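So the structure is just underneath, and the comments pick up after that.
Read the figures in this text as sums done on the coordinates, not as results from a lab. Computed from a predicted model, the values in this text were never measured in an experiment. Here the Cβ positions follow ideal geometry from the backbone for every residue, glycine too, while neighbour counts run over all protein chains shown.
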Amino acid sequence: MHKYWEQLSFSRLAVRAKVLFTLLAVMLAMQAYSYLQVGALESELSELADEKAREMKVYYSQVQVPDVTTDVTASQRYVLFGEAVGKVTVFLRLRDRANRPSYRGIDYFYVRSEGNWHLTESGFCGDREVQARAHAAFSRVG
């Protein structure tokens, strides 16, 4: 009788290990799919980001020629499903008369429907948080 219980507990352990391994494999597959999906969405948004950067460069060139860089973020509203949402941030680096940089940021929020990105809102920021994000963005591109 004792061997029966040992075999039974071993088979339960094997079943648990298989279930845990399967769950881990499914979670890794979902993460990989999400990573690829976000990469594709961000690639689409990068084209819009480049367009917005050109617009800002032309607009501000009347005052001075600014340095411009962008930051793009995209995801599904819910993990792996739901509508795609994205944010494009255009950072501007302007210089004052003493050649000190000052940063501005413009956020554009998008929703993707029927295969196209639609602008839902935008906002201009010049607060300290944007100063830090813009400085970091310009540090990445040089």
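Between LYS18, LYS52, LYS87, which gets the highest mean-square fluctuation from a Gaussian network model of the chain, Cα cutoff 10 Å?
Fluctuation is largest for LYS18.
Give the relative contact order (percent, whole number) for the chain; include only Cα pairs under 8 Å separated by 6+ residues.
It rounds to 16 percent for the chain.
Please give the FRET efficiency for PHE124 paired with GLN37, using the beta carbon to beta carbon distance and R0 = 22 Å, rounded to the nearest 0.05.
With R0 = 22 Å, the Cβ-Cβ based efficiency is 0.15.
Spin-label point model (7 Å from Cα, Cβ direction): what's the ASP67 to LEU13 distance in nm?
Distance between the two pseudo-spin positions: 6.1 nm.
How far apart, in nm, are the 7 Å Cα→Cβ label points at ARG133 and LEU23?
3.6 nm
Based on Cα positions only, what radius of gyration and what Dmax would you give for segment 8-65, in angstroms?
When restricted to the Cα atoms of segment 8-65, Rg and Dmax are 24.5, 80 Å.
Return the single residue from LEU119, LEU23, LEU94 with maximal mean-square fluctuation; model: Gaussian network over the chain, springs between Cα atoms under 10 Å.
LEU23
What value, in deg cm²/dmol to 500, does the helix sum -39500 (n - 2.57) over DSSP H runs of n ≥ 4 give at 222 nm once divided by the residues of the chain?
About -19000 deg cm²/dmol.
Which percent of Cα pairs goes in each bin when the distances of the chain are cut into 10 angstrom slices starting at zero?
Result, from short to long distances: 10, 28, 22, 14, 9, 7, 5, 3, 1, 0 percent.
Using a Gaussian network model of the chain with C-alpha springs under 10 Å, which one of GLN37, GLN64, GLN131 is most mobile by mean-square fluctuation?
Comparing GLN37, GLN64, GLN131 in a Gaussian network model of the chain, the most mobile one is GLN64.
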